[in-house]
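Report on one structure; see the data block that follows.
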Amino acid sequence: MDYDIDELSQKERVIFHTGKIEAGTVRNVVPDYCKMEGTHRALDKKISSLINGYILNNCDIVQEETGAKYEVDFLQSYDPVVNDSSLVEKLKNICQSLNIEYQEAEPTLTGEDFGFFTTLYPGLLFWLGSGCDFPLHSDKFLPSEDAIPIGINIFKHLALE
């Protein structure tokens, strides 16, 4: 995989987000310091490493052109969650036997530490569906309590199989 950054963004599913920038103390003076924080995610660890390389390369370019110094700390990365195919089949069969609708979800770029476990052990991450129209991190997110016994029943059957 040898892409330039434009090709990468067109060929791979990635998120690159700068969520916080701190610089300067007044609006009309060039600051002597800038701190940026953000996140990036990909479905493949090789792509995440490639993005890290792009970040460092761009910092090198800015340093060469302006003389600015930089420091980059890659604090945390999330391994992609890879569901074990046999556990997925068990989930499908359990849903069918319990008359629960099963829907295959597209891979998403959520940051999820469960991916660490699936690199070591067979795992299964699924969304139960909560009947809430607001996204998970919304202040309006309030899932229906009706989903709780359904989830318990699915987990009970997964544990017993």
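Among the numbered criteria (1) under 21 Å from H40 (Cα atoms); (2) among the hydroxyl-bearing types (S, T, Y); (3) in contact (Cβ under 8 Å) with a residue 12 or more places away in the chain, which single criterion is violated by T108?
(3) is the only condition that T108 fails.
For region 40-53, what are the residues that are of a type in the set (S, T, Y) and either surrounded by 16 or more Cβ atoms within 10 Å (Cβ to Cβ) or not assigned by TED's automatic domain parsing to the domain that holds S9 (or both)?
S48 - this is the single residue of region 40-53 that is of a type in the set (S, T, Y) and either surrounded by 16 or more Cβ atoms within 10 Å (Cβ to Cβ) or not assigned by TED's automatic domain parsing to the domain that holds S9 (or both).
Give me the pairs, please: first residue somewhere in region 28-46 and free of Cβ contacts under 8 Å to residues at least 40 places away in the same chain, second residue anywhere and among the hydroxyl-bearing types (S, T, Y), beta-carbon distance under 8 Å, and either six or more positions apart or on two chains.
P31/T25; M36/T18; E37/T18; G38/T18; H40/S48; K45/S77
Kindly provide the set of residues from region 125-138 that are of a type in the set (A, V, I, L, M, F, W, C) and over 16 Å from the mean Cα position of the chain (by Cα), ordered by number.
L128, C132, F134
I'd like the residue in region 82-91 that is over 15 Å from the mean Cα position of the chain (by Cα) and among the aliphatic types (A, V, I, L, M) and, out of all such residues, is surrounded by the fewest Cβ atoms within 10 Å (Cβ to Cβ).
So, considering only residues that are over 15 Å from the mean Cα position of the chain (by Cα) and among the aliphatic types (A, V, I, L, M), the one surrounded by the fewest Cβ atoms within 10 Å (Cβ to Cβ) is V88.
Exposed (fewer than 13 other Cβ atoms within 10 Å of the Cβ), part of a loop (DSSP other than H, G, I, E, B), of a type in the set (D, E) and not assigned by TED's automatic domain parsing to the domain that holds L128: does that describe D79?
Spelling it out, it is not the case that D79 is exposed (fewer than 13 other Cβ atoms within 10 Å of the Cβ), part of a loop (DSSP other than H, G, I, E, B), of a type in the set (D, E) and not assigned by TED's automatic domain parsing to the domain that holds L128.
Name every residue in region 96-116 that is in contact with a His (Cβ under 8 Å, 6 or more places away or on another chain) and either under 18 Å from H17 (Cβ atoms) or surrounded by fewer than 11 Cβ atoms within 10 Å (Cβ to Cβ) (or both), in order of residue number.
Result: S97, single match.
With the condition kept exactly as written, say whether any residue in region 117-128 is surrounded by 10 or more Cβ atoms within 10 Å (Cβ to Cβ), in contact (Cβ under 8 Å) with a residue 60 or more places away in the chain and assigned to a helix (DSSP H, G or I).
No, that holds for no residue.
Run down I148, I152, I94 and say which single residue is under 25 Å from the mean Cα position of the chain (by Cα), part of a helix (DSSP H, G or I) and aliphatic (A, V, I, L, M).
One residue alone meets the criteria, I148.
Would you point out which residue out of E101, E22, E65 is part of a helix (DSSP H, G or I), free of Cβ contacts under 8 Å to residues at least 40 places away in the same chain and not basic (K, R)?
Among E101, E22, E65, only E65 is part of a helix (DSSP H, G or I), free of Cβ contacts under 8 Å to residues at least 40 places away in the same chain and not basic (K, R).
The values are calculated or read from the model by the stated rules, or taken from the named source; none is laboratory data. Note that this is a predicted model, so its numbers are computed, not measured. A quick note on method: Cβ atoms are made from the backbone with ideal geometry, for glycine too, and the neighbour counts reach across all protein chains shown.
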